[in-house]
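Take a look at the structure below.
No lab work stands behind these numbers, since they all come straight from the coordinates. Computed from a predicted model, the values in this text were never measured in an experiment. Positions of Cβ are backbone-derived with ideal geometry, glycine not excepted, and every protein chain shown enters the neighbour counts.
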Amino acid sequence: MRWRRPNGEIVGPAQFLETMTEAYNYGATPPLEAAHATAAWAALKQHKNIAFNISSAFLAKVADQKLDWVQTIVGDIPTDRIVFEIVETVVEQDTSDVSRVVSQLREKGIKVALDDFGIGQSTLSRLQTVPVDYVKIDKHFLASAIQSPRDKDILFRMIDLIRASEAKPVVEGIETEEQLALVLETSADYGQGFYLGRPNPTDHWNASPPEMPRR
């Protein structure tokens, strides 16, 4: 989802996620009508999963709470249509707290993804200590894999390691036909990027549902 300001500027999640988290920290509930409407459209009309980014600060805040906060964020949609994408810095919090919350979410049928894997302070031990359904490999690795055989091999090995953890690999940053062809050579379950589809109003996707490439 993107936020279009009154002046026409488009603001991405990386810019407004922190602001929304701060609102919760001060006891305020940010306006979530757009998120609820988008979730209902994707889950109930398109029969697709809908993903929400969760920041490290927010997850740490709700670690000792019940899961009532889930409906506050996503609205009234089936739990099996929800994917929470945890930004990688979340694993720098208490690992036991993170694992407990993630396990509770998955018990409710909610899928969990580890986002931007491979950058920052993350280590492979996170795949053992934080049980997730999907691991999204940061786009840096695909961009590098196009440039050298060594980096291509690194990408392939990362995918193998993720699959060994019983999570499904998602390769981020597919922006060209060449990158898509490379991803289709791997054993990754999913790919993501502007080459496959850019953010657009719901009317666009109602008229032109995305066609998924096949191996």
| request: Calculate, for Leu67 and Thr129, the FRET efficiency according to 1/(1 + (r/R0)^6) with r their C-beta to C-beta distance and R0 25 Å; round to the nearest 0.05. | output: 0.75
| request: Could you check the simple spin-label distance between Arg163 and Asp76, using points 7 Å along Cα→Cβ, in nm with one decimal? | output: 4.2
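His47 to Ile10: extension gain in nm, 0.36 nm per residue of separation minus the Cα-Cα distance? Intermediate values should be presented prior to the final figure.
Working: separation 37, 0.36 × 37 = 13.32 nm, distance 2.66 nm.
Value of the extension gain: 10.7 nm.
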| Per q in 0.11, 0.22, 0.24 1/Å, what log10 I(q)/I(0) does a Debye calculation on the alpha-carbon atoms of segment 133-207 return? | -0.29, -0.92, -1.04
| note | Once amide hydrogens are built 1.01 Å from N within the peptide plane, the residues lying 5 or more places from Ala63 or on another chain with amide H under 5 Å from its amide H are none
| message | Please list, in order along segment 167-176, the HN-Hα scalar couplings obtained from phi with the Karplus expression 6.51 cos²θ - 1.76 cosθ + 1.60 (θ = phi - 60°), rounded to whole Hz, x for Gly and Pro. | response | 9, 9, x, 10, 8, 8, x, 6, 10, 9
| query | Mean separation of Cα pairs under 8 Å and 6+ residues apart, divided by the residue count of segment 133-207: what relative contact order is that in percent? | reply | 31
| field | Modelled FRET efficiency - R0 22 Å, Arg100 with Ala34, Cβ distances, 0.05 increments | value | 0.15
